[in-house]
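The values are calculated or read from the model by the stated rules, or taken from the named source; none is laboratory data. Here the structure is a predicted model, which is why all the values come from computation and not from measurement. Note that each Cβ is placed from the backbone with ideal geometry, even for glycine, and that neighbours are counted across all protein chains shown. Quick note on the areas: whole protein, heavy atoms, side chains included, nothing else; ligands and nucleic acids left out. Shrake-Rupley method; radii C 1.70, N 1.55, O 1.52, S 1.80 Å.
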Amino acid sequence: MTTKKAPARDDPDTPPTAAEVAAASLLRRSLDDPRVADDLGDFARAVSLAREPRPIDPKVHAALVAKAVRAPPARGRVLFVAFGVASALAVAAAIPLFFRGDDAAPQASGAAATAPLWAPRSSQPLFSEPFARQGGHVERIDRIARARSSDLRENLFALRGAR
Amino acid sequence: MMLPALADRDPTLERERALVARAQAGDREALGELLRAHGPGLYRSVLLPRLGSQAAAEEALAETYAKVVAKIDRFSWQGAGFYPWLRTVALHVALDQLRRRKRTLVWDTDDVARELDEASSATPVDQQLSDRRDREASRRKVDDGLARINPRYAEAIRLRVLDEQPREEVARALGVTTATFDVLLHRALTALRKALCATEEQQR
């Protein structure tokens, strides 16, 4: 009768492989310093927190509550409208590009016909400050929509020879 | 004869009902009071054990609060208090986070999904009772997992991870060198993780 041999990791006394030694060393470093990334280290911390969860820092909690009560109401609707407006303006600003050089388009004056049109481009230059980890997206959408609405206006003026 | 609603007999619940009504009418002070009353327990008993890290639990609590602010007008007072609804919102947030992270922790997505199914009928009105039950369930999960692995592995985890004793002391207590203990602990945690996954498979 043959008995099935237990895998090495199930037997505490089996000599370790080099890979196991390396993994064990990484685990030890992760337990000493949580900044050291290790899946098993994270699991160990999760086990500890599941067994004995610690209370939240009162200052952290106060900040979370303060942020929540400051939040604007009905964010979903505002965000939806802002996205819709920004998308419509971006598409509208791009439409004149299709008529550039089109013979059927109205003839503009010589100077205005050669005036450059605003093309769709990255909105990154509009932001000099780093983005907050959470929130602020409604304000960013508003900023993009304002900037691109002036592009649309100028493109239309250029095509109609107003520049 | 109809029994009076629970809120009508319990002054604490009656006060909470008034706070909720004010919060729904846009009173942010009232909303803040509700969150301050319930948030710490929600974090410690529901979010932290399930998400396994302080950062993840804080993020989840912030997200829970954002959802509460957005949806509080949809909450309907049915005499069971505010906390059961709040706990359900938090469990949804925890479930979404676990699905995004896809890592093996003590609780997995199926665990939390099962809790959500039971939440509407099983969450006690009294938050202290609910929190105690949540913490007991979490403790039981860990203890059941430890009971399923090699006793030496379980001891290594209890001493080093749960009791947070120094590595050298634990190695001495177990009669091994520190290098051997490192390997022992690695095997122990691997075995515990496997045991918890196996428990999940059986519950499906």
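Figures for the structure shown
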quantity: Residue that is most open to solvent (accessible area, probe 1.4 Å), among those in the stretch B:27-78 that are farther than 22 Å from B:Asp131 by Cα and facing chain A (nearest Cβ under 7 Å); calculated: B:Arg28
quantity: Residue identified as more than 28 Å from B:Val161 (Cα to Cα) and under 16 Å from the mean Cα position of the chain (by Cα) among B:Arg44, B:Arg50, B:Arg133, B:Arg87; calculated: B:Arg87
quantity: Criterion (free of Cβ contacts under 8 Å to residues at least 12 places away in the same chain, of a type in the set (Gly, Ala, Ser) and more than 7 Å from every other protein chain (Cβ to nearest Cβ)) met by exactly one of A:Ala50, A:Ala46, A:Ala18, A:Ala24; calculated: A:Ala18
quantity: Within the stretch B:105-122, considering residues that are more than 10 Å from chain A (Cβ to nearest Cβ) and open to solvent by less than 20 Å² (accessible area, probe 1.4 Å), the one modelled with the highest pLDDT; calculated: B:Val112
quantity: B:Val89 being more than 19 Å from A:Ala62 (Cβ to Cβ) and either modelled with pLDDT of 95 or more or crowded, with 19+ Cβ neighbours inside 10 Å (or both); calculated: yes
quantity: Given (1) modelled with pLDDT under 95; (2) open to solvent by less than 10 Å² (accessible area, probe 1.4 Å), index of the condition B:Leu13 fails; calculated: (2)
